[in-house]
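Input: a single structure, listed below in structure tokens.
The values are calculated or read from the model by the stated rules, or taken from the named source; none is laboratory data. From a predicted model like this one, the values you see are computed outputs, not experimental measurements. Please note: Cβ atoms are built from the backbone with ideal geometry, for glycine as well, and neighbour counts cover all protein chains shown.
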Amino acid sequence: MTNDQAVWLASGVRTPFVAVDGPFAKRDSLTLSVPVVLAMAAEANGAIDFGVWGSVVLNLAYNNLAREVWLESKLDPHVPTFTTIMQCSTSMVGVFEAAGMLGEKRAALALVGGVESMSRAQIGLTENLSVWLRRVFQARSMKQRIELLRTLHLHDIRLHVPEVKNRVTGRSMGEHTEDMAKD
Amino acid sequence: MIIAVDGVDKDHFPHRDTSLEKLAKLKPVFDRSSGRGTLTAGNSSPLTDGAAAIWVGTDEGMNRLPARLPRVRLVDFEMAAVDIFTEGLLMAPVSAIPRLLARHGLNYEDIALWEIHEAFSAQVLCHIKGLQDRDFVRRKAGIENTFGRFPRERMNPNGGSVALGHPFAATGARILSQAVKELAGLPQGSRAIVSICSDGGLGTVALLEH
């Protein structure tokens, strides 16, 4: 580590961990994060200099989840907050990022964490269907819209359903781990 | 460490009515046909909802927190990646851990606490086997050291992600907070390794000291 000061970790709080489609099914990653961030903030006797937060399953409604959580928690809006993702390592790599950003006359205390709302994973449109719909919305006449209908390919009319699968291999972590175990 | 949300104040996991006999009867989930499948619902981390946080600070920052909060020093960290087309998807920590230990002249027995994230129990066993295989460590991590026996009895003393649940992005803060609390209860100078494997062939490891 390059930080010239000792970096400390102090234990934080968490929600209960519950089964998907269980008691937190009505809370998305934003509203599930707020009670944790508020409980953490209530512990601090002084400024929190910045915040790092993350979620692996993305939400179409926001991109900087950390900022949305901070503002939803009605904490000091002058505190910088950013989102990070590294799959299951997300909030650990958030800790490493925070550690590198601390220093004398810089930041002294960071709140780091993450959330997953598997119950609220969004189903989206395929990228081609999204682009096609945008063009339909932008069309200025019925004639243009009808012409656009001809450009729509049948194989693009489908939903993008998030899966716990690696994109490049198309296989789940479980399938990969079966291979590891057998090797 | 756990706060109540919507009247819920306890983890759903582990299932308190389970037993080794019940777990042994579960069928493989990811390989249902070869007869050699090993991963079941009982030895895989469950799909989980949850959130977790941790504090990171300097001496000055720690002075802003209540003295009762357990705290330990983040000594160093390491990240690694593997080629997921030719290597095990979740094996990156087996490269990161030896590099981190070698950088500090440490052996496995020098680590009093091991918190190894369990996406699957089989993956943890693969990690341990890899860590104990000198040739594997040499090839994958590029480290010549011999690190000695891996002390399994010091690993995940209060349960890992299979037992507790695994809300992906929250797991890092959960496992680090848990390690901080456990390590702070050990003698001064004790060290911990905290390791997480991630999809994409990624791995992150932290070295902590009380």
message = Suppose the filter is in contact with a strand residue (DSSP E or B) (Cβ under 6 Å, 6 or more places away or on another chain) and more than 15 Å from B:I54 (Cβ to Cβ); does A:F50 pass it?
response = no
query = Among the candidates A:S141, A:S117, A:S172, which residue alone is over 24 Å from B:R73 (Cα atoms) and in contact (Cβ under 8 Å) with a residue 40 or more places away in the chain?
reply = A:S117
message = Filter the stretch A:103-139 down to the residues that are surrounded by 24 or more Cβ atoms within 10 Å (Cβ to Cβ) and closer than 25 Å to A:A6 by Cβ and list them by number.
response = A:L109, A:A110, A:L111, A:V112, A:G113, A:G114
note = Restricting attention to the stretch A:148-167, the residues that are more than 14 Å from chain B (Cβ to nearest Cβ), without any contact (Cβ under 8 Å) to a residue 12 or more places away in the chain and surrounded by 12 or more Cβ atoms within 10 Å (Cβ to Cβ) number exactly 0
ask   = Tell me, which residue of the stretch B:76-95 that is in a strand (DSSP E or B) and hydrophobic (A, V, I, L, M, F, W, C) is nearest to the other protein chains (Cβ to nearest Cβ)?
value = B:F77
ask   = Which members of the stretch B:171-210 meet the condition of being at the interface with another protein chain (Cβ under 8 Å from one of its Cβ atoms) and within 22 Å of A:H176 (Cβ to Cβ)?
value = B:T171, B:G172, B:I175, B:I196, B:C197, B:S198, B:D199, B:G200, B:L202, B:G203, B:T204
query = Any chance the stretch A:139-155 includes a residue that's of a type outside the set (G, A, S) and within 30 Å of A:R27 (Cβ to Cβ)?
reply = no
ask   = All but one of (1) under 27 Å from A:V115 (Cα atoms); (2) hydroxyl-bearing (S, T, Y); (3) at the interface with chain A (Cβ under 7 Å from one of its Cβ atoms) hold for B:S45; which doesn't?
value = (3)
query = Hey, among A:G113, A:G170, A:G103, A:G174, which residue is within 14 Å of chain B (Cβ to nearest Cβ) and at pLDDT 95 or above?
reply = A:G113
inquiry  = Tell me the residue from B:I128, B:I116, B:I84 that is closer than 30 Å to A:G170 by Cα, of a type outside the set (S, T, N, Q) and surrounded by fewer than 18 Cβ atoms within 10 Å (Cβ to Cβ), please.
reply    = B:I128
note = Of the residues in the stretch A:53-78, those that are touching an Asp or Glu at 6+ places or on another chain (Cβ under 7 Å) and more than 10 Å from chain B (Cβ to nearest Cβ) come to A:N59, A:Y62
remark   = Among A:V69, A:V57, A:V34, the single one that is more than 17 Å from A:R14 (Cα to Cα) and either of a type in the set (A, V, I, L, M) or not assigned by TED's automatic domain parsing to the domain that holds A:V95 (or both) is A:V57
query = From the list B:R73, B:R36, B:R68, which residue is surrounded by fewer than 19 Cβ atoms within 10 Å (Cβ to Cβ), at the interface with another protein chain (Cβ under 8 Å from one of its Cβ atoms) and in a loop (DSSP other than H, G, I, E, B)?
reply = B:R36
task = Restricting attention to the stretch B:46-65, report how many residues are touching a Gly at 6+ places or on another chain (Cβ under 7 Å) and surrounded by 24 or more Cβ atoms within 10 Å (Cβ to Cβ).
result = 8
request  = Taking A:F96 as meeting all but one of (1) of a type outside the set (D, E); (2) in contact (Cβ under 8 Å) with a residue 12 or more places away in the chain; (3) within 27 Å of B:E60 (Cβ to Cβ), write down the number of the exception.
outcome  = (2)
inquiry  = Regarding the stretch B:3-20, can at least one residue be identified that is more than 7 Å from chain A (Cβ to nearest Cβ) and modelled with pLDDT of 95 or more?
reply    = yes
